[in-house]
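Here, each number is a calculation from the coordinates, and none is a lab measurement. What you see is a predicted model, and the numbers here were worked out from it, not measured in a lab. Here the Cβ is made from the backbone with ideal geometry for all residues, glycine too, and neighbour counts use every protein chain on show.
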Amino acid sequence: MRTGQIIDERYEIIRHIGSGGMANVYLAYDPILERQVAIKFLSLGNNNQSDAVRRFEREALSISELNHPNIVAIYDIGEDIEGKFIVMEYVEGIDLKEYIKQNHPIPLHEIQHIMLQIISGMQTAHEVGIIHRDLKPQNIMVKPDDTVIIMDFGIAVVSTETAITQTNTIIGSVHYLSPEQARGSLATNQSDIYSLGIVLYEMITGRVPFDGESAVSIALKHFQEPLPDISTYREDASQPLINVVKKATAKDAKDRYDDCNEMYDDLATVFDEKRQSEPEFIPMGMQHATIAMAKDEIEEKLKYTDEYQAMAAGKERDAKSEEETQVTPVAPIPMKETTAEAAEVEPEEEKPLKEGIHISDTPAEKKRKRKKWIMILLPLLIVLLVVGAFLFNRSRQVDLPDLRNMTQREAELTLQQAGLTVGDVEEVFSDDVDDGRIVDTNPHPNSKTRKNAEIDLELSKGPEPYQIKDYTGKEYKNAQKELADKGFTVEKVEEYSDSVPEGQIIAQSIAPEEEVIPKESTMTFTVSLGVERFTMPDLSDLNRAGIEQWAANAGVTVSFSEENNDSVPQGGVLSQSINAGDTFIVGDKLNVVLSSGPKTTTFNKSIQIEYKEPENNDEDTNDDEDDESESSSSSSQSKENTIEIFVQDLNNDYSSPVDTFTISKNREYNLEFTTREGDSARYKVVRDGEVIDETQVSE
């Protein structure tokens, strides 16, 4: 299937993201709902087609009946020229198996948080009668926010189906298989609980409890051997937490939790102080009997599975493929119970002939006996020849050592000691193996190969470097996702910009065209917040000079206009073009309307000021001519009147004169008044300290 291909006239394929035993999964885009989805296509291969189709349809039916935040959501089911498909939620993250590898040892409280989500999801499935039957870390996804999603209900079964559809078949992954599933018995809710217990064990210890050279040996251990002690691998694991694992993985289903709710409640309180002195959980059902199962019987059940054949051939698959689901037709196998009281079967004694009587063989009988021996010995001889040839060939084969993570020199010495030689050495990029160390071999590690064979090596040259692009002017969210998907740590610094739109990249910490290792690199983007905006203050408390000073500091161009107003004093702010509380940017224009006071009128009035001869107050007369001359000069000066003009209007009050002058004769004087429209003014004329005129006037 190619990138860009349209499925069902709707979904656009982006890329292939995974394959399983019966399906291929692709990342696609749904343009109608504008979201990414995962599309699982049925892949028939060499499997029984009708069985594969039935299982595929069962998965669609199973998930469609479930609605839970920890179970993958299904969006659509269909069929086109590529075959049957299921459209489901695309879950970004890593599977729990990889999460355990990357984070071991996982903090115990985090383990509790993840496991409670898984149990909650499975309780919902069990409540509608769906048994998963293949719970394992590879079928559980962990999102970046630590939300857990249960995936792959491909072999799930409705609990009301008949036993014939499930007995006679070993279904599940052998490392997480319950004892009853290993015997080919009917899977129940307790079978899923057993698998949950094994998953919890692996999360705590970082390893599966039972492993072996073959699927048979692993399956046997599930119902014959006790669970390895958790405290051996994890000293900080408390007894209540260990008890949850032990109860979930009890050999007898009757000793396990009745349902997921009970397991959830038990796990939720393992860190409570009152439980810290809790005794060890000991299952009752298995204390007095040992369940035994013949190895050849379970081997007959498992020998057609991929896992069995791969392990039998000495091939160790990676963590994901080694857990491929097993669906193997078998016949029901009875349980064998052995106790100390089991009676031994005594061989039947051969009864001798009657004493003294001997019967000789006839020639015909002797010939028949010879023929009988030939018929017995000939097959035995053939078997011996076949076994001999097998042992001879086996003696010429050696086990290929696991050379992964060795240096090339260490690998050469190891191969030499094993009787093997180095073939082609190819340098490859690897994110997981250090530079100069072995990534893989051909043939694969732990397989059988002939002596003196050449072994090809893949030598790591470290992670593949990535050439940095020029991201300036690009959208941050797109650049961040692109680099994060490649393993970069991406950080963001925000700043305002007058030239770069909001959300676009202004600068980057790693220069374009520079080559770096993604997982070792941190890219810091400077991202635009757009033009910086400020909040406009209320300018009503400022006068014109104060407003001009504020505008200069804020980078605003200010202009003024005036309007008459009866209530706001002259010079006060009537309005501003950018209201208080609104935002503005540097360079914006602001107009402020100032009050010019009330609307006024100006008028003039002409008055006549009369001159008055001053009275002579001298009582003594000096006959001296000099004195008479001096007196005559003084008398002429005192004949002037001092006039003071007072005005009361909008611009003046009576507190001080608006004009002061002297007159020596009558004089006409022009007065100017400014008043509000309709108001009056008044004036007062004072002559030599005496008020001679005081009048109220209007226009």
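Per-structure values
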| quantity | calculated |
| --- | --- |
| Share, in percent, of DSSP beta bridges within the stretch 533-612 that are antiparallel, nearest 5 | 40 |
| The stretch 174-290 - Rg (one decimal) and Dmax (whole number), Cα, Å | 13.8, 43 |
| Ratio of Rg to Rh over the stretch 100-146 (Cα coordinates, Kirkwood Rh, two decimals) | 1.01 |
| Residue list for the stretch 644-665, given a label point 7 angstrom along the Cα-to-Cβ vector of Thr695 and an amide N cut-off under 18 Å | 644-649, 658-659 |
| Rough spin-label spacing in nm, given labels placed 7 Å along Cα→Cβ, for Asp272 and Lys684 | 9.6 |
| Amide hydrogen neighbours beyond the local backbone of Val270, cut-off 5 Å, H modeled | none |
| Globularity index of the stretch 647-699, i.e. its alpha-carbon radius of gyration over 2.2 N^0.38 Å | 1.20 |
| Value of D in µm² per second that Stokes-Einstein yields for the stretch 534-595, Kirkwood Rh from Cα pairs, at 10 °C (1.306 mPa s) | 136 |
| Calculated FRET value between His16 and Ser231, using beta carbons and R₀ = 45 Å, to 0.05 | 0.55 |
| Taking N as its residue count, the alpha carbon Rg of the stretch 466-528 over 2.2 N^0.38 Å | 1.04 |
| Fully extended contour minus Cα-Cα distance, from Glu494 to Ser606, at 0.36 nm per residue | 32.9 nm |
| Approximate spin-label separation Thr642-Tyr29, in nm, with each point projected 7 Å along Cα-to-Cβ | 9.8 |
| Theoretical gain in end-to-end length, Glu280 to Lys589 [0.36 nm per residue, Cα-Cα removed] | 103.3 nm |
| q = 0.27 Å⁻¹: log10 I(q)/I(0) that the Debye formula gives for the stretch 397-460, counting C-alpha atoms only | -1.14 |
| Cα Rg, Dmax, the stretch 413-548, angstrom units | 27.8, 101 |
| Global geometry of the stretch 203-246, whether rounded, prolate or oblate, following the gyration tensor of its Cα atoms and the 1.5 cut on a/c | prolate |
| Packing-based exposure ordering (other Cβ within 10 Å, fewest first) of Ser178, Ser43 | Ser43, Ser178 |
| Fully extended contour minus Cα-Cα distance, from Gln467 to Ser561, at 0.36 nm per residue | 27.8 nm |
| Pairs beyond 18 Å (Cα-Cα), from Lys143/Lys481; Lys639/Lys665; Lys136/Lys254; Lys221/Lys448; Lys101/Lys221 | Lys136/Lys254; Lys221/Lys448; Lys101/Lys221 |
| Exposure proxy order (Cβ contacts within 10 Å, fewest to most) of Glu225, Glu89 | Glu225, Glu89 |
| FRET efficiency, Asp434 to Phe534 (Cβ-Cβ, R0 60 Å, nearest 0.05) | 0.65 |
